[in-house]
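Colleague: Quick one: this structure, given as structure tokens, is what I'll be asking you about.
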Amino acid sequence: MTDPLSKLSEVFHHHDRDQESPTVPSESQVYPGSDEAKAQYRARQVAQDAQLSSVQMTPGAPSGDAPPPPYAPPSGLPPDMSAKAGSASEKPLDASDTSAPLNGYPRPDFHRTVSDLVWHSLNGPWDFVFDDTDTGLSDFWYAQPRLPDQGKRTIQVPYVFQCAASGIDERGVHEVLWYQRQIQDLRSSEAKERGDRLLLRCGAIDYHATIWLNGRYVGEHTGGHVPFDLDLSDAVALSGYMAENTLTIRVYDSAFDVTQPRGKQYWGPKPESIFYTPSSGIWQNVWLEVVPRMRVVDGSYGTILRSNDIEKGVVDARVAVQGRRAQEKCSVEVEASFYGIPVSKSGKKDLNKSEDFVRFDLPMRLSQEALSKLPAALLQDAPLKDPFCWRNNTALWSPEHPALYDLTIRLYNSTNGEVIDAVQTTTGMRSITWTHGDGTLRLNSRPYFQALFLDQGYWPSTLLTPPDPTACKRDIQLSKAVGFNGCRKHQKVESPEFLYWADRLGFLVWGEMASPYNFSMTGCERFEAEWMAMIRRDLNHPSIVAWTPCNESWGYPDLGGSKRQRDHLRSLVYKTKTLDPSRPVNDNCGWEHVCTDLSTFHDYADARGMRERCGDLQATLTRGKNMFLPAIQGRDGGEDDEGSRHMRGAPVFCSEMGGVNIAVKNDDSRQGNWGYTTASDGQDLLRRLEELLMATVSGGHVCGIVWTQTTDIEQEMNGIYTWDRREKMPAAQVAEVMDRVKKVYYDGLRKHW
């Protein structure tokens, strides 16, 4: 049997082949958007969060929005990308500040109204024990009021034991972990009488978590990258409503199982090449929350806000309800506002007896009266006559104009008309289209060049966990400061705060899950469960513009010869499209596409190599590792497979490129300064960046790029920024390069149109 790790080594070592001279990234400084209207708009968007002490705004922190380009092309033509770089005199953000604790409400994108939100963070010190002999279950640790004193330590949740912020900072192999702390029931006597429930809410625990309260089994969850909730109410009641309750969590996370989705977490004792230190146990927020027994639930449990129909100007809202008793009557209404101005209200709609959800077509067009109340500064920045900003009086979301509507969802008792639950969230009207047959991917009906970072979301002291409530915001600001308008979130389901800020700051995101590294039924089931859970969690964010279920055939080592492996990847694509038909699916990013909307390829060649490849569409599609698959002729009764091919006119993306580090003196090993190619200094890096991007885009066949990568991570030091988010070169210079690259793309389209 072939060793799956040896197959995997072939996957990433191919990047070192055929590379003659390196290509280049660059560095940056955050500058604020100067437009008063956008500042006012975002202040309104986050005002409710400040009241909640959710994601705290850094006083005086810049918004990080690049100034909008002057869109004034003829109808149907792409915008003229001649945006100016941010002023170098403006104060940069202190990206090294990691002191703020994660004390904000963890789901600012979907929360109960301020008066009804009752929650308590469980981040902070927990008792913690390594159970290396795996005897805790048989010794009934979960039934004890305290974990064994021998080996007991204190860990700072939500940081994994492998990182410094946890207070443990140990990199050895420990597969079984125990956590314990005391909690209190947050419910008042009135809330208990009303039947409100006490939930334990977990952002992500890697990998299999089992939970007890006062020795009573509450539940368990498998999957290290997606959220889950457990109802503690019955366990509290059966324990006699004690003042203090013992919450115990056992986590199992295999250090070696390559069928377990792990992404960039290495399975050896020391990270190497493009793989990093593993993260085991609790790594996202954990909190208690009081909720009504019957309540409105978020995307993870069925609420879908589809906001891509910009021509009709309506949101297709599917609002899901949980905790409803048999034959219990209730109704839902949704209200929309923009910039504090009422836009529409659905009216109450009853849930029928057989379904726990209700659907609305919610109008988003502003009336003339509503338009007249908008601030003049807003309309100056986003003129009503600009179809990229407005469509028939519907405000459109884009990176240049991230317009968000506020939504309030109310659940009513149909018997007495009382409000049972009220939730606040946002939506952004925008369309993503990719089937025009001209090689463009369009945002709000216009061709839009996506300049994306490969963003892997690691920090020096906290690894996968954002170090403070504004860390994700700062990363987006840093990316926009150098002229990038989005990211491909690589092999990671990022904390919800990231998408919260991506929606508000205007940042495109490709969603991607952590991959396993071997093909088996176990691996398929594990990945599929988390993949669908990730989509459900994130599909209501306008910033999400594409889905990538697989990267470089990871987890599918024989797509060239196995119809079974191809069929499973196809099934993921079809399930994704069934749940969300509004976004393109990039089935297998980089090569060996089976069933894809986007023809993506990875190439870490130098500028000459990229020019040779991208100057001709046939060369783009055929050079290097096979982008598409040949037919399989069934043998011994096996089924045939017709293979795959580039669909004529489909968008072509270079979805990984660059990866250039800067040479470090007295280091010839590359083990501590790893990159695909090496620049001599920051200016050499800047030169290579421009040469490589121009070589890729000037041929007129590539409609977007993904640059590796945003920051250095551990030994892979090929970021635009250092790992602690410091510049390697001036931001304004990098932004100017990106503006020139975008202009080349749009000028090329004009020549053909």
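The values are calculated or read from the model by the stated rules, or taken from the named source; none is laboratory data. From a predicted model like this one, the values you see are computed outputs, not experimental measurements. Methodologically, a virtual Cβ is constructed for each residue, glycine included, from the backbone with ideal geometry; neighbour enumeration extends over all protein chains shown. The area values use the complete protein model at the heavy-atom level, side chains included, leaving out ligands, DNA and RNA. Shrake-Rupley method; radii C 1.70, N 1.55, O 1.52, S 1.80 Å.
Colleague: Which number in (1) of a type outside the set (Val, Ile, Thr); (2) at pLDDT below 95; (3) open to solvent by less than 10 Å² (accessible area, probe 1.4 Å) marks the one condition that ASN518 misses?
Modeller: The single condition ASN518 does not satisfy is (3).
Residues are listed down the side, and each one gets a yes or a no for (1) crowded, with 24+ Cβ neighbours inside 10 Å; (2) farther than 25 Å from LEU396 by Cα; (3) among the polar types (S, T, N, Q):
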| residue | (1), (2), (3) |
| --- | --- |
| PHE484 | yes, no, no |
| SER543 | yes, no, yes |
| PRO549 | yes, yes, no |
| ASP558 | no, yes, no |
| SER562 | no, yes, yes |
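Colleague: Taking the stated definitions as given, is LEU247 out of contact with any Ser or Thr (no Cβ under 9 Å at 6 or more places or on another chain) and surrounded by fewer than 17 Cβ atoms within 10 Å (Cβ to Cβ)?
Modeller: no
Colleague: Here is a check on your reading of the model: is ARG635 assigned to a loop (DSSP other than H, G, I, E, B), modelled with pLDDT under 95 and open to solvent by 10 Å² or more (accessible area, probe 1.4 Å)?
Modeller: yes
Colleague: May I ask you to verify whether VAL236 is β-branched (Val, Ile, Thr), out of contact with any Cys (no Cβ under 9 Å at 6 or more places or on another chain) and modelled with pLDDT under 95?
Modeller: Answer is no for this residue.
Colleague: Out of (1) in a strand (DSSP E or B); (2) in contact with a helix residue (DSSP H, G or I) (Cβ under 6 Å, 6 or more places away or on another chain), the odd one out for ARG611 is which?
Modeller: Unmet condition: (1).
Colleague: Restricting to strands (runs of 3 or more DSSP E) lying wholly in segment 646-753: which have 2 or more residues that are touching a residue at least 24 places away in the same chain (Cβ under 8 Å) and more than 28 Å from ALA471 (Cα to Cα)? I'd like the intermediate steps shown before the answer.
Modeller: Details: elements: 652-658, 660-662, 677-679, 704-708.
Here the list reads 652-658, 677-679.
Colleague: Which of (1) of a type outside the set (Lys, Arg); (2) in contact with an Asp or Glu (Cβ under 8 Å, 6 or more places away or on another chain); (3) assigned by the TED database to the domain that holds ASP386 does GLY506 not meet, given it meets every other one?
Modeller: Of the numbered conditions (1) of a type outside the set (Lys, Arg); (2) in contact with an Asp or Glu (Cβ under 8 Å, 6 or more places away or on another chain); (3) assigned by the TED database to the domain that holds ASP386, the odd one out for GLY506 is (3).
Colleague: What tally of residues in segment 239-296 results from selecting those that are farther than 27 Å from GLY323 by Cα and assigned to a loop (DSSP other than H, G, I, E, B)?
Modeller: Residues that pass the stated criteria total 27.
Colleague: If you don't mind, another one. Looking at segment 579-592, which of the residues that are outside any loop (DSSP other than H, G, I, E, B) and touching an Asp or Glu at 6+ places or on another chain (Cβ under 9 Å) is nearest to GLU642 (Cα to Cα)?
Modeller: Only one residue tops the list, namely ASN588.
Colleague: Regarding CYS614, is this residue in the same structural domain as SER520 (by the TED database), closer than 30 Å to VAL741 by Cβ and within 28 Å of the chain's Cα centre (by Cα)?
Modeller: It is false that CYS614 is in the same structural domain as SER520 (by the TED database), closer than 30 Å to VAL741 by Cβ and within 28 Å of the chain's Cα centre (by Cα).
Colleague: When segment 116-132 is examined, which residues are found to be open to solvent by 60 Å² or more (accessible area, probe 1.4 Å) and within 19 Å of GLN162 (Cα to Cα)?
Modeller: Matches in segment 116-132: PRO125, ASP132.
Colleague: Looking at segment 338-368 only, could you name the residues that are without any contact (Cβ under 8 Å) to a residue 12 or more places away in the chain and of a type in the set (D, E, K, R)?
Modeller: The answer is GLU355, and nothing else.
Colleague: Still on this structure, please answer the following. Return the residues of segment 186-223 that are farther than 18 Å from TYR105 by Cβ, of a type in the set (A, V, I, L, M) and touching a Phe, Trp or Tyr at 6+ places or on another chain (Cβ under 9 Å); say none if nothing qualifies.
Modeller: Matches in segment 186-223: ILE205, ALA209, ILE211, VAL218.
Colleague: Something else: Could you grab me the full set of residues in segment 497-554 that are in a helix (DSSP H, G or I), in contact with a Lys or Arg (Cβ under 9 Å, 6 or more places away or on another chain) and of a type in the set (Asp, Glu)?
Modeller: Scanning segment 497-554 gives GLU497, GLU528.
Colleague: Oh, and also: Report yes if some residue within segment 369-383 is in a strand (DSSP E or B), in the same structural domain as GLN327 (by the TED database) and touching a residue at least 12 places away in the same chain (Cβ under 8 Å); otherwise report no. Spell out the reasoning first.
Modeller: Kept after step one, since they are in a strand (DSSP E or B), are these residues of segment 369-383: none.
No.
Colleague: Please give the number of the condition GLU193 fails out of (1) on the phi < 0 side of the Ramachandran plot; (2) part of a loop (DSSP other than H, G, I, E, B); (3) loosely packed, with under 13 Cβ neighbours inside 10 Å; (4) at pLDDT 95 or above.
Modeller: (2)
Colleague: Still on this model: Confirm whether GLY240 is among the small types (Gly, Ala, Ser), open to solvent by 10 Å² or more (accessible area, probe 1.4 Å), farther than 21 Å from PRO460 by Cα and assigned by the TED database to the domain that holds GLY124.
Modeller: Against the criterion (among the small types (Gly, Ala, Ser), open to solvent by 10 Å² or more (accessible area, probe 1.4 Å), farther than 21 Å from PRO460 by Cα and assigned by the TED database to the domain that holds GLY124), GLY240 qualifies.
Colleague: Further question: Yes or no: LEU686 open to solvent by less than 10 Å² (accessible area, probe 1.4 Å) and among the hydrophobic types (A, V, I, L, M, F, W, C)?
Modeller: no
Colleague: Pairs, please: C-beta under 9 Å, at least 6 apart or cross-chain, first residue at negative phi and open to solvent by 50 Å² or more (accessible area, probe 1.4 Å) and in segment 600-620, second among the charged types (D, E, K, R) and part of a loop (DSSP other than H, G, I, E, B)?
Modeller: Final answer for the pair search is ARG608/GLU20; GLU612/ARG623.
Colleague: Give the residues of segment 363-378 that are buried (at least 17 other Cβ atoms within 10 Å of the Cβ) and farther than 14 Å from GLY340 by Cβ, sorted by residue number.
Modeller: PRO363, MET364, ARG365
Colleague: What is the one condition in (1) closer than 27 Å to HIS208 by Cα; (2) under 21 Å from the mean Cα position of the chain (by Cα); (3) outside any helix (DSSP H, G or I) that THR576 does not satisfy?
Modeller: (3)
Colleague: A follow-up question, please. Any idea which residue in segment 250-295 is surrounded by the fewest Cβ atoms within 10 Å (Cβ to Cβ), counting only those that are among the acidic types (Asp, Glu) and within 17 Å of PRO158 (Cβ to Cβ)?
Modeller: Step by step, filter segment 250-295, then rank; the result is GLU289.
Colleague: Criterion first (without any contact (Cβ under 8 Å) to a residue 60 or more places away in the chain, among the β-branched types (Val, Ile, Thr) and buried (at least 24 other Cβ atoms within 10 Å of the Cβ)) does VAL509 satisfy it? Before the answer, list the steps.
Modeller: Numbers: without any contact (Cβ under 8 Å) to a residue 60 or more places away in the chain: yes; among the β-branched types (Val, Ile, Thr): yes; buried (at least 24 other Cβ atoms within 10 Å of the Cβ): yes.
For VAL509, the condition - without any contact (Cβ under 8 Å) to a residue 60 or more places away in the chain, among the β-branched types (Val, Ile, Thr) and buried (at least 24 other Cβ atoms within 10 Å of the Cβ) - is met.
Colleague: Moving to a separate point now. Please indicate, with yes or no, whether at least one residue in segment 424-437 is open to solvent by 10 Å² or more (accessible area, probe 1.4 Å), touching a Gly at 6+ places or on another chain (Cβ under 6 Å) and not assigned by the TED database to the domain that holds MET647.
Modeller: Yes; the residues of segment 424-437 include at least one that is open to solvent by 10 Å² or more (accessible area, probe 1.4 Å), touching a Gly at 6+ places or on another chain (Cβ under 6 Å) and not assigned by the TED database to the domain that holds MET647.
Colleague: Of the residues VAL226, VAL160, VAL173, only one is touching a residue at least 60 places away in the same chain (Cβ under 8 Å), closer than 20 Å to TYR105 by Cβ, assigned to a loop (DSSP other than H, G, I, E, B) and not polar (S, T, N, Q); which? Don't jump to the end; show me each part of the working.
Modeller: On the way: VAL160 fails: closer than 20 Å to TYR105 by Cβ; VAL173 fails: closer than 20 Å to TYR105 by Cβ.
Only one candidate passes the filter, namely VAL226.
Colleague: Filter segment 593-607 down to residues that are assigned to a loop (DSSP other than H, G, I, E, B) and within 23 Å of the chain's Cα centre (by Cα), then give me how many there are.
Modeller: 4
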